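Here is the structure we will look at, set down as C-alpha coordinates.
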Amino acid sequence: MRPEMRELLVDVAERAANFAFAIPERSVAPAAEDVNRLQVLRGPFPETPTAPSEVVRLLDEIGSPATVASTGGRYFGFVIGGTLPAALAANWLAGAWDQNCALAVMSPVAATLEEISLEWLRELFGLPQSCGAGFVTGATMANFTCLAAARNELLRRAGWNVEEQGLFGAPELRVVVGAEVHVSLLKALAMLGLGRSRVTVVPADEQGRMRAGALPRLGERSILCIQAGNVNTGAFDPAEEICRRARGEGAWVHVDAAFGMWAAAAPTHAHLFRPFVEADSWATDCHKWLNVPYDSGLAFVRQAAHLRNAMMVRAGYLQPGASREPMYYTPDASRRARGVEIWAALKSLGRTGLAEMIERDCRLAVRFAEGIAGAGYDVLNEVVLNQVLVSFGDSALNKRIIAAIQADGTCWCGGTEWRGKAVMRVSVSCWATTEKDIDRSLEAIIRIAKNTKSTESPSF
Ligand SMILES: *Cc1c(COP(=O)(O)O)cnc(C)c1O
(Lines give C-alpha, C1' and ligand atoms only; values in the text may rest on other atoms or scores of the structure.)
Protein backbone atom coordinates (compact mmCIF):
# COMPACT_ATOMS: atom_id res chain seq x y z
CA MET A 1 0.00 0.00 0.00
CA ARG A 2 2.64 2.53 1.03
CA PRO A 3 4.78 2.28 -2.14
CA GLU A 4 1.62 2.81 -4.21
CA MET A 5 0.68 5.81 -2.12
CA ARG A 6 4.10 7.31 -2.73
CA GLU A 7 3.72 6.74 -6.48
CA LEU A 8 0.26 8.33 -6.41
CA LEU A 9 1.47 11.44 -4.60
CA VAL A 10 4.42 11.86 -6.93
CA ASP A 11 2.10 11.45 -9.92
CA VAL A 12 -0.36 14.05 -8.65
CA ALA A 13 2.48 16.46 -7.89
CA GLU A 14 3.63 16.11 -11.49
CA ARG A 15 0.09 16.70 -12.78
CA ALA A 16 -0.40 19.72 -10.55
CA ALA A 17 2.95 21.15 -11.60
CA ASN A 18 1.97 20.79 -15.26
CA PHE A 19 -1.33 22.52 -14.53
CA ALA A 20 0.37 25.42 -12.74
CA PHE A 21 3.00 25.75 -15.45
CA ALA A 22 0.36 26.10 -18.19
CA ILE A 23 -1.67 28.78 -16.37
CA PRO A 24 0.03 31.93 -17.75
CA GLU A 25 -0.76 31.10 -21.38
CA ARG A 26 -4.13 29.39 -21.21
CA SER A 27 -7.56 30.94 -21.66
CA VAL A 28 -8.78 32.31 -18.33
CA ALA A 29 -12.31 30.97 -18.79
CA PRO A 30 -12.59 27.27 -19.69
CA ALA A 31 -13.81 26.32 -23.18
CA ALA A 32 -17.49 25.35 -23.36
CA GLU A 33 -16.63 21.86 -24.60
CA ASP A 34 -14.34 21.32 -21.60
CA VAL A 35 -17.13 22.30 -19.25
CA ASN A 36 -19.51 19.97 -21.10
CA ARG A 37 -17.02 17.13 -20.71
CA LEU A 38 -17.57 17.25 -16.92
CA GLN A 39 -20.54 14.99 -17.63
CA VAL A 40 -17.99 12.17 -17.91
CA LEU A 41 -17.62 12.37 -14.12
CA ARG A 42 -21.35 11.73 -13.58
CA GLY A 43 -23.13 8.39 -13.57
CA PRO A 44 -24.49 6.31 -10.74
CA PHE A 45 -22.54 5.91 -7.50
CA PRO A 46 -19.96 3.28 -8.47
CA GLU A 47 -20.68 -0.21 -7.19
CA THR A 48 -17.01 -1.19 -6.95
CA PRO A 49 -13.74 0.59 -6.15
CA THR A 50 -11.66 2.54 -8.65
CA ALA A 51 -7.87 2.63 -8.31
CA PRO A 52 -6.68 5.91 -6.74
CA SER A 53 -4.37 6.50 -9.72
CA GLU A 54 -7.36 6.24 -12.03
CA VAL A 55 -9.39 8.62 -9.85
CA VAL A 56 -6.61 11.20 -10.06
CA ARG A 57 -6.18 10.66 -13.81
CA LEU A 58 -9.89 11.33 -14.37
CA LEU A 59 -9.85 14.39 -12.18
CA ASP A 60 -6.87 15.82 -14.00
CA GLU A 61 -7.90 14.96 -17.55
CA ILE A 62 -11.53 15.99 -17.16
CA GLY A 63 -11.38 18.43 -14.26
CA SER A 64 -8.27 20.50 -14.96
CA PRO A 65 -9.44 21.86 -18.35
CA ALA A 66 -12.79 22.85 -16.81
CA THR A 67 -11.21 25.10 -14.18
CA VAL A 68 -11.27 28.90 -14.31
CA ALA A 69 -7.68 30.19 -14.26
CA SER A 70 -8.47 32.44 -11.31
CA THR A 71 -5.08 31.54 -9.86
CA GLY A 72 -3.35 33.29 -12.78
CA GLY A 73 -2.34 36.88 -13.40
CA ARG A 74 -5.19 37.93 -15.68
CA TYR A 75 -8.17 37.03 -13.52
CA PHE A 76 -9.72 40.26 -12.20
CA GLY A 77 -13.12 38.96 -11.12
CA PHE A 78 -14.66 39.47 -7.66
CA VAL A 79 -11.74 39.88 -5.22
CA ILE A 80 -10.02 36.56 -5.57
CA GLY A 81 -6.22 36.35 -5.74
CA GLY A 82 -4.17 33.33 -6.76
CA THR A 83 -2.22 31.08 -4.46
CA LEU A 84 1.42 31.84 -3.72
CA PRO A 85 3.85 29.02 -4.55
CA ALA A 86 4.88 28.54 -0.91
CA ALA A 87 1.25 28.60 0.25
CA LEU A 88 0.20 26.01 -2.32
CA ALA A 89 3.10 23.74 -1.48
CA ALA A 90 2.38 24.15 2.24
CA ASN A 91 -1.25 23.27 1.54
CA TRP A 92 -0.18 19.99 -0.06
CA LEU A 93 2.13 19.15 2.78
CA ALA A 94 -0.55 20.02 5.33
CA GLY A 95 -2.93 17.79 3.37
CA ALA A 96 -0.49 14.94 3.74
CA TRP A 97 -0.10 15.75 7.44
CA ASP A 98 -3.89 15.49 7.79
CA GLN A 99 -3.90 17.43 11.04
CA ASN A 100 -6.98 18.48 12.97
CA CYS A 101 -6.50 21.95 14.41
CA ALA A 102 -9.26 21.92 17.03
CA LEU A 103 -7.08 21.41 20.10
CA ALA A 104 -3.33 21.87 20.47
CA VAL A 105 -2.95 18.27 21.63
CA MET A 106 -4.35 17.06 18.30
CA SER A 107 -1.63 18.86 16.38
CA PRO A 108 1.16 20.78 18.10
CA VAL A 109 2.48 21.93 14.74
CA ALA A 110 -0.88 23.29 13.52
CA ALA A 111 -1.55 25.07 16.82
CA THR A 112 1.96 26.53 16.95
CA LEU A 113 1.79 27.84 13.38
CA GLU A 114 -1.52 29.56 14.22
CA GLU A 115 0.11 31.21 17.22
CA ILE A 116 3.14 32.39 15.27
CA SER A 117 1.03 33.68 12.36
CA LEU A 118 -1.20 35.56 14.77
CA GLU A 119 1.72 37.24 16.43
CA TRP A 120 3.16 38.32 13.08
CA LEU A 121 -0.20 39.56 11.81
CA ARG A 122 -1.06 41.42 15.00
CA GLU A 123 2.14 43.35 14.58
CA LEU A 124 1.67 43.84 10.84
CA PHE A 125 -1.84 45.25 11.25
CA GLY A 126 -0.91 47.28 14.35
CA LEU A 127 -3.47 45.52 16.55
CA PRO A 128 -3.11 45.53 20.35
CA GLN A 129 -1.39 42.72 22.28
CA SER A 130 -4.67 41.97 24.05
CA CYS A 131 -6.29 40.95 20.79
CA GLY A 132 -7.25 37.37 20.00
CA ALA A 133 -8.28 35.75 16.74
CA GLY A 134 -9.91 32.72 15.22
CA PHE A 135 -8.90 31.05 11.97
CA VAL A 136 -12.15 30.69 10.05
CA THR A 137 -13.24 29.88 6.51
CA GLY A 138 -13.46 33.41 5.14
CA ALA A 139 -14.66 36.93 5.76
CA THR A 140 -18.31 35.86 5.99
CA MET A 141 -17.51 33.63 8.96
CA ALA A 142 -15.05 36.20 10.28
CA ASN A 143 -17.82 38.81 10.32
CA PHE A 144 -20.10 36.30 12.01
CA THR A 145 -17.49 35.38 14.62
CA CYS A 146 -16.59 38.99 15.45
CA LEU A 147 -20.25 39.99 15.69
CA ALA A 148 -20.93 37.03 17.98
CA ALA A 149 -18.21 38.38 20.27
CA ALA A 150 -19.78 41.86 20.09
CA ARG A 151 -23.23 40.46 20.87
CA ASN A 152 -21.88 38.50 23.82
CA GLU A 153 -19.94 41.38 25.32
CA LEU A 154 -22.52 44.15 24.90
CA LEU A 155 -25.24 41.97 26.40
CA ARG A 156 -22.94 40.81 29.19
CA ARG A 157 -22.46 44.48 30.11
CA ALA A 158 -26.25 44.73 30.26
CA GLY A 159 -26.36 41.75 32.63
CA TRP A 160 -27.45 39.21 30.04
CA ASN A 161 -25.68 35.99 29.03
CA VAL A 162 -26.78 35.51 25.45
CA GLU A 163 -25.10 32.15 24.97
CA GLU A 164 -27.04 30.76 27.94
CA GLN A 165 -30.30 32.68 27.72
CA GLY A 166 -30.63 33.32 24.03
CA LEU A 167 -32.02 36.50 22.52
CA PHE A 168 -35.64 36.08 23.64
CA GLY A 169 -36.32 38.80 26.17
CA ALA A 170 -32.76 40.13 25.94
CA PRO A 171 -32.04 43.85 26.14
CA GLU A 172 -32.16 45.26 22.61
CA LEU A 173 -29.03 45.80 20.63
CA ARG A 174 -28.88 48.42 17.94
CA VAL A 175 -26.91 47.61 14.80
CA VAL A 176 -25.71 50.42 12.56
CA VAL A 177 -24.31 49.79 9.08
CA GLY A 178 -23.35 51.88 6.07
CA ALA A 179 -25.49 51.99 2.93
CA GLU A 180 -22.68 50.08 1.18
CA VAL A 181 -22.49 47.27 3.73
CA HIS A 182 -21.36 43.95 2.28
CA VAL A 183 -24.05 41.26 2.01
CA SER A 184 -21.93 38.84 4.03
CA LEU A 185 -22.20 41.13 7.02
CA LEU A 186 -25.97 41.22 6.70
CA LYS A 187 -25.96 37.44 6.46
CA ALA A 188 -23.90 37.28 9.65
CA LEU A 189 -26.46 39.52 11.38
CA ALA A 190 -29.22 37.23 10.13
CA MET A 191 -27.49 34.12 11.49
CA LEU A 192 -26.92 35.81 14.85
CA GLY A 193 -30.58 36.65 15.35
CA LEU A 194 -29.77 40.36 15.05
CA GLY A 195 -31.76 40.70 11.85
CA ARG A 196 -30.72 41.56 8.34
CA SER A 197 -33.24 44.39 8.06
CA ARG A 198 -33.34 45.46 11.69
CA VAL A 199 -30.43 47.84 11.12
CA THR A 200 -29.97 51.58 11.04
CA VAL A 201 -28.45 52.49 7.67
CA VAL A 202 -26.07 55.43 7.43
CA PRO A 203 -25.89 57.01 3.96
CA ALA A 204 -22.72 56.70 1.88
CA ASP A 205 -20.92 59.20 -0.31
CA GLU A 206 -20.20 58.83 -4.03
CA GLN A 207 -17.25 56.50 -3.35
CA GLY A 208 -19.33 54.29 -1.07
CA ARG A 209 -17.84 55.63 2.17
CA MET A 210 -20.07 55.96 5.22
CA ARG A 211 -20.91 59.62 5.87
CA ALA A 212 -19.54 60.19 9.37
CA GLY A 213 -21.62 63.35 9.68
CA ALA A 214 -24.81 61.31 9.24
CA LEU A 215 -24.00 58.89 12.05
CA PRO A 216 -26.90 58.62 14.53
CA ARG A 217 -26.45 58.79 18.29
CA LEU A 218 -25.05 55.36 19.14
CA GLY A 219 -25.21 54.49 22.82
CA GLU A 220 -23.60 51.64 24.69
CA ARG A 221 -25.74 48.87 23.29
CA SER A 222 -24.82 49.60 19.69
CA ILE A 223 -22.74 47.67 17.21
CA LEU A 224 -21.43 49.92 14.46
CA CYS A 225 -20.19 48.09 11.36
CA ILE A 226 -17.78 49.92 9.09
CA GLN A 227 -15.67 48.95 6.08
CA ALA A 228 -12.01 49.04 5.20
CA GLY A 229 -12.21 48.43 1.45
CA ASN A 230 -15.54 48.80 -0.33
CA VAL A 231 -16.10 45.72 -2.46
CA ASN A 232 -16.68 47.85 -5.57
CA THR A 233 -14.52 50.95 -5.18
CA GLY A 234 -11.98 49.83 -2.56
CA ALA A 235 -12.85 52.97 -0.56
CA PHE A 236 -12.31 53.17 3.20
CA ASP A 237 -14.88 54.58 5.64
CA PRO A 238 -13.68 57.63 7.62
CA ALA A 239 -12.68 55.50 10.60
CA GLU A 240 -10.91 58.12 12.65
CA GLU A 241 -13.99 60.27 13.15
CA ILE A 242 -16.31 57.27 13.42
CA CYS A 243 -14.21 55.44 16.01
CA ARG A 244 -13.82 58.59 18.10
CA ARG A 245 -17.60 59.07 18.15
CA ALA A 246 -18.29 55.41 18.88
CA ARG A 247 -15.69 55.25 21.66
CA GLY A 248 -17.20 58.27 23.36
CA GLU A 249 -20.64 56.70 23.29
CA GLY A 250 -19.58 53.20 24.40
CA ALA A 251 -20.49 51.44 21.15
CA TRP A 252 -18.69 48.44 19.65
CA VAL A 253 -17.06 49.11 16.28
CA HIS A 254 -16.66 46.17 13.93
CA VAL A 255 -14.64 46.44 10.72
CA ASP A 256 -15.26 44.38 7.59
CA ALA A 257 -11.74 44.50 6.17
CA ALA A 258 -11.93 41.44 3.93
CA PHE A 259 -9.23 42.76 1.62
CA GLY A 260 -8.64 46.33 2.78
CA MET A 261 -6.81 45.19 5.92
CA TRP A 262 -3.84 44.17 3.78
CA ALA A 263 -3.25 47.83 2.89
CA ALA A 264 -1.55 47.89 6.30
CA ALA A 265 1.26 45.78 4.86
CA ALA A 266 2.33 48.35 2.25
CA PRO A 267 4.04 51.57 3.37
CA THR A 268 2.40 53.44 0.47
CA HIS A 269 -1.11 52.43 1.59
CA ALA A 270 -0.80 51.74 5.32
CA HIS A 271 -2.35 55.11 6.18
CA LEU A 272 -5.67 53.83 4.78
CA PHE A 273 -6.00 51.14 7.44
CA ARG A 274 -4.26 52.85 10.37
CA PRO A 275 -7.32 54.65 11.85
CA PHE A 276 -9.24 51.35 11.89
CA VAL A 277 -7.02 49.94 14.64
CA GLU A 278 -9.18 51.91 17.09
CA ALA A 279 -12.08 49.50 16.43
CA ASP A 280 -13.11 46.51 18.58
CA SER A 281 -13.09 43.72 15.99
CA TRP A 282 -11.84 43.10 12.47
CA ALA A 283 -12.72 40.51 9.84
CA THR A 284 -10.32 39.75 7.04
CA ASP A 285 -9.61 37.17 4.37
CA CYS A 286 -6.32 35.43 3.78
CA HIS A 287 -7.56 33.68 0.64
CA LYS A 288 -8.01 37.05 -1.03
CA TRP A 289 -5.00 39.31 -0.80
CA LEU A 290 -2.58 37.16 1.16
CA ASN A 291 -2.96 34.71 -1.74
CA VAL A 292 -3.31 31.49 0.23
CA PRO A 293 -5.65 28.66 -0.87
CA TYR A 294 -9.35 28.63 0.10
CA ASP A 295 -10.84 28.66 2.65
CA SER A 296 -9.05 31.05 4.93
CA GLY A 297 -10.18 34.07 6.93
CA LEU A 298 -9.39 35.66 10.28
CA ALA A 299 -11.65 37.08 13.00
CA PHE A 300 -9.72 39.47 15.28
CA VAL A 301 -11.25 40.78 18.51
CA ARG A 302 -9.57 43.53 20.60
CA GLN A 303 -10.00 41.60 23.86
CA ALA A 304 -9.31 37.91 23.30
CA ALA A 305 -11.61 37.08 26.22
CA HIS A 306 -14.62 38.60 24.42
CA LEU A 307 -14.10 36.22 21.52
CA ARG A 308 -13.45 33.27 23.80
CA ASN A 309 -16.59 33.98 25.83
CA ALA A 310 -18.67 33.73 22.66
CA MET A 311 -16.95 30.65 21.19
CA MET A 312 -16.14 28.58 24.27
CA VAL A 313 -17.39 25.01 24.62
CA ARG A 314 -16.89 22.59 27.43
CA ALA A 315 -17.04 18.80 27.34
CA GLY A 316 -15.40 16.16 29.43
CA TYR A 317 -13.33 14.84 26.57
CA LEU A 318 -12.14 18.27 25.38
CA GLN A 319 -9.48 18.97 27.93
CA PRO A 320 -7.70 22.25 27.40
CA GLY A 321 -3.94 22.42 27.77
CA ALA A 322 -1.90 25.35 28.97
CA SER A 323 -1.54 26.95 25.54
CA ARG A 324 -3.98 28.69 23.20
CA GLU A 325 -6.68 26.24 22.14
CA PRO A 326 -7.65 27.01 18.51
CA MET A 327 -11.28 25.87 18.79
CA TYR A 328 -11.99 28.31 21.64
CA TYR A 329 -11.80 31.12 19.08
CA THR A 330 -13.89 29.72 16.21
CA PRO A 331 -17.45 28.54 15.59
CA ASP A 332 -16.15 25.16 14.42
CA ALA A 333 -14.28 22.45 16.28
CA SER A 334 -12.55 20.09 13.83
CA ARG A 335 -10.72 22.13 11.26
CA ARG A 336 -7.98 21.74 8.73
CA ALA A 337 -4.71 23.41 9.63
CA ARG A 338 -5.18 26.75 7.85
CA GLY A 339 -2.38 28.34 9.83
CA VAL A 340 0.17 26.25 7.91
CA GLU A 341 -0.45 28.10 4.64
CA ILE A 342 -0.73 31.47 6.32
CA TRP A 343 2.59 30.92 8.06
CA ALA A 344 4.15 29.71 4.79
CA ALA A 345 2.88 32.73 2.85
CA LEU A 346 4.16 35.17 5.47
CA LYS A 347 7.47 33.36 5.84
CA SER A 348 8.08 33.20 2.11
CA LEU A 349 7.20 36.84 1.46
CA GLY A 350 8.59 38.46 4.55
CA ARG A 351 7.65 42.02 5.35
CA THR A 352 9.24 43.41 2.20
CA GLY A 353 7.78 40.78 -0.11
CA LEU A 354 4.26 41.28 1.23
CA ALA A 355 4.59 45.06 0.95
CA GLU A 356 5.85 44.68 -2.61
CA MET A 357 2.95 42.40 -3.57
CA ILE A 358 0.27 44.74 -2.18
CA GLU A 359 1.93 47.83 -3.65
CA ARG A 360 2.38 46.19 -7.02
CA ASP A 361 -1.29 45.22 -7.25
CA CYS A 362 -2.30 48.78 -6.33
CA ARG A 363 0.11 50.19 -8.91
CA LEU A 364 -1.24 47.80 -11.55
CA ALA A 365 -4.82 48.84 -10.73
CA VAL A 366 -3.81 52.43 -11.48
CA ARG A 367 -2.16 51.30 -14.73
CA PHE A 368 -5.40 49.53 -15.64
CA ALA A 369 -7.47 52.61 -14.89
CA GLU A 370 -5.14 54.82 -16.91
CA GLY A 371 -5.36 52.47 -19.87
CA ILE A 372 -9.16 52.49 -19.74
CA ALA A 373 -9.34 56.28 -19.42
CA GLY A 374 -6.72 56.68 -22.15
CA ALA A 375 -8.96 54.73 -24.54
CA GLY A 376 -11.81 57.14 -23.81
CA TYR A 377 -13.87 55.00 -21.44
CA ASP A 378 -14.99 55.93 -17.93
CA VAL A 379 -13.30 54.99 -14.68
CA LEU A 380 -16.00 55.55 -12.08
CA ASN A 381 -14.04 55.42 -8.84
CA GLU A 382 -11.00 56.98 -7.24
CA VAL A 383 -8.49 54.14 -7.49
CA VAL A 384 -7.29 54.25 -3.89
CA LEU A 385 -6.47 50.54 -3.64
CA ASN A 386 -6.78 47.60 -6.05
CA GLN A 387 -10.32 48.06 -7.36
CA VAL A 388 -11.36 49.75 -10.61
CA LEU A 389 -14.92 50.38 -11.81
CA VAL A 390 -15.31 50.78 -15.54
CA SER A 391 -18.15 51.89 -17.79
CA PHE A 392 -18.20 51.79 -21.58
CA GLY A 393 -21.67 53.28 -21.99
CA ASP A 394 -25.12 52.30 -20.78
CA SER A 395 -25.92 49.23 -18.66
CA ALA A 396 -26.93 47.04 -21.59
CA LEU A 397 -23.74 47.80 -23.49
CA ASN A 398 -21.63 47.22 -20.38
CA LYS A 399 -23.24 43.82 -19.85
CA ARG A 400 -22.59 42.79 -23.44
CA ILE A 401 -18.98 43.89 -23.31
CA ILE A 402 -18.37 42.08 -20.00
CA ALA A 403 -19.84 38.85 -21.44
CA ALA A 404 -17.65 39.19 -24.54
CA ILE A 405 -14.52 39.80 -22.44
CA GLN A 406 -15.24 36.69 -20.41
CA ALA A 407 -15.81 34.62 -23.55
CA ASP A 408 -12.65 35.96 -25.20
CA GLY A 409 -10.55 34.37 -22.45
CA THR A 410 -7.58 36.76 -22.46
CA CYS A 411 -8.66 37.97 -19.04
CA TRP A 412 -11.72 37.77 -16.82
CA CYS A 413 -13.58 40.77 -15.42
CA GLY A 414 -16.93 40.63 -13.65
CA GLY A 415 -19.95 42.86 -13.54
CA THR A 416 -21.44 44.74 -10.64
CA GLU A 417 -24.06 47.34 -9.99
CA TRP A 418 -22.81 50.78 -9.09
CA ARG A 419 -25.16 53.66 -8.37
CA GLY A 420 -28.00 52.01 -10.25
CA LYS A 421 -25.97 51.04 -13.29
CA ALA A 422 -24.45 47.79 -14.55
CA VAL A 423 -20.69 48.34 -14.79
CA MET A 424 -17.47 46.32 -14.98
CA ARG A 425 -15.44 45.67 -11.88
CA VAL A 426 -11.72 44.95 -11.88
CA SER A 427 -9.83 43.68 -8.87
CA VAL A 428 -6.06 43.27 -9.02
CA SER A 429 -5.35 40.90 -6.16
CA CYS A 430 -2.90 38.30 -7.42
CA TRP A 431 0.82 37.92 -6.74
CA ALA A 432 1.29 36.72 -10.31
CA THR A 433 -0.10 39.75 -12.14
CA THR A 434 2.49 41.70 -14.13
CA GLU A 435 2.49 44.88 -16.18
CA LYS A 436 2.40 42.66 -19.25
CA ASP A 437 -0.76 40.98 -17.97
CA ILE A 438 -2.41 44.38 -17.53
CA ASP A 439 -1.38 45.58 -20.97
CA ARG A 440 -2.45 42.37 -22.66
CA SER A 441 -5.80 42.52 -20.87
CA LEU A 442 -6.30 46.19 -21.75
CA GLU A 443 -5.57 45.41 -25.39
CA ALA A 444 -8.28 42.71 -25.39
CA ILE A 445 -10.81 44.80 -23.45
CA ILE A 446 -10.42 47.86 -25.65
CA ARG A 447 -10.57 45.79 -28.84
CA ILE A 448 -13.78 44.10 -27.62
CA ALA A 449 -15.32 47.36 -26.43
CA LYS A 450 -14.65 49.00 -29.80
CA ASN A 451 -16.13 46.08 -31.74
CA THR A 452 -19.19 45.92 -29.53
CA LYS A 453 -19.86 49.61 -29.88
CA SER A 454 -19.63 49.70 -33.64
CA THR A 455 -21.77 46.63 -34.27
CA GLU A 456 -24.22 46.92 -31.32
CA SER A 457 -24.34 43.16 -31.60
CA PRO A 458 -23.77 40.65 -28.81
CA SER A 459 -22.57 38.00 -31.24
CA PHE A 460 -18.83 37.62 -31.76
C1 LIG B 1 -15.17 39.01 -0.09
C2 LIG B 1 -15.76 39.89 0.94
C3 LIG B 1 -16.52 39.36 1.97
C4 LIG B 1 -16.90 37.90 2.05
O5 LIG B 1 -15.74 37.12 2.14
P6 LIG B 1 -15.76 35.54 1.94
O7 LIG B 1 -14.34 35.19 2.16
O8 LIG B 1 -16.21 35.30 0.54
O9 LIG B 1 -16.67 34.94 2.94
C10 LIG B 1 -16.97 40.24 2.93
N11 LIG B 1 -16.72 41.55 2.87
C12 LIG B 1 -16.00 42.10 1.87
C13 LIG B 1 -15.74 43.57 1.86
C14 LIG B 1 -15.49 41.28 0.87
O15 LIG B 1 -14.77 41.80 -0.12
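Give the distance, in whole Å, between the Cα centre of segment 61-97 and the Cα centre of segment 212-255. Centre-to-centre (Cα) distance: 35 Å.
Which order do the peptides 115-125, 131-141 take when ranked by the mean count of other beta-carbon atoms within 10 Å per residue, highest first?
Details: 115-125: 17.8, 131-141: 24.5.
Result, highest mean first: 131-141, 115-125.
Once backbone amide H atoms are built at 1.01 Å from N, ALA422 has SER395 as its partners under 5 Å, excluding neighbours fewer than 5 places away on the same chain.
Close amide H partners of ALA333, meaning residues 5 or more places away or on another chain with modelled amide H under 5 Å apart, do not exist here. Helical content of the chain, expressed as a calculated mean residue ellipticity at 222 nm, amounts to -13500 deg cm²/dmol (DSSP H runs of 4 or more residues, -39,500 (n - 2.57) each, divided by residue number, nearest 500). The accessible surface of the chain, taken with every protein chain in place and a 1.4 Å probe, is 56 percent carbon and sulfur. Listed values for segment 123-139 are Karplus-derived 3J(HN,Hα) couplings in whole Hz (6.51 cos²θ - 1.76 cosθ + 1.60, θ = phi - 60°), namely 5, 4, 7, x, 8, x, 4, 5, 6, x, 7, x, 8, 10, 7, x, 5, and x replaces Gly and Pro. Segment 399-430 and segment 307-374 have Cα centres lying 28 Å from one another.
In order along segment 81-86, the phi-based Karplus estimate (6.51 cos²θ - 1.76 cosθ + 1.60, θ = phi - 60°) of 3J(HN,Hα) comes to x, x, 10, 4, x, 5 Hz; Gly and Pro are listed as x. Applied to segment 376-381, the Karplus parametrisation 6.51 cos²θ - 1.76 cosθ + 1.60 on θ = phi - 60° returns per-residue 3J(HN,Hα) values of x, 9, 9, 9, 8, 10 Hz, with x for Gly and Pro. Principal axis extents of the C-alpha atoms in segment 247-326 (largest first, rounded to whole Å): 50, 40, 19. Checking the Cα-Cα distances for LYS347/LYS436; LYS421/LYS453; LYS187/LYS399; LYS288/LYS453 against a 25 Å cut-off, the pairs over it are LYS347/LYS436; LYS187/LYS399; LYS288/LYS453.
Ranked highest first by average number of other Cβ atoms within 10 Å, how do 198-208, 66-76 line up?
Details: 198-208: 16.7, 66-76: 21.5.
The densest-packed peptide leads the list: 66-76, 198-208.
Average accessible surface for the chain: 45 Å² per residue, computed with a 1.4 Å probe over protein heavy atoms with every protein chain in place.
Considering only GLY260, ILE242, VAL28, the residue lying farthest towards the positive end of the dipole of the chain is ILE242, judged by Cα position with unit charges set on Cβ.
Of all DSSP beta bridges confined to the chain, the antiparallel ones make up roughly 60%.
The values are calculated or read from the model by the stated rules, or taken from the named source; none is laboratory data. The structure presented is a predicted model; accordingly, all values stated were derived computationally and were not measured. Backbone-built Cβ (ideal geometry, glycine too); neighbour counts: all protein chains shown. To get the accessible areas, we keep the full protein, side chains included, count just its heavy atoms, and leave off ligands, DNA and RNA. Shrake-Rupley method; radii C 1.70, N 1.55, O 1.52, S 1.80 Å.
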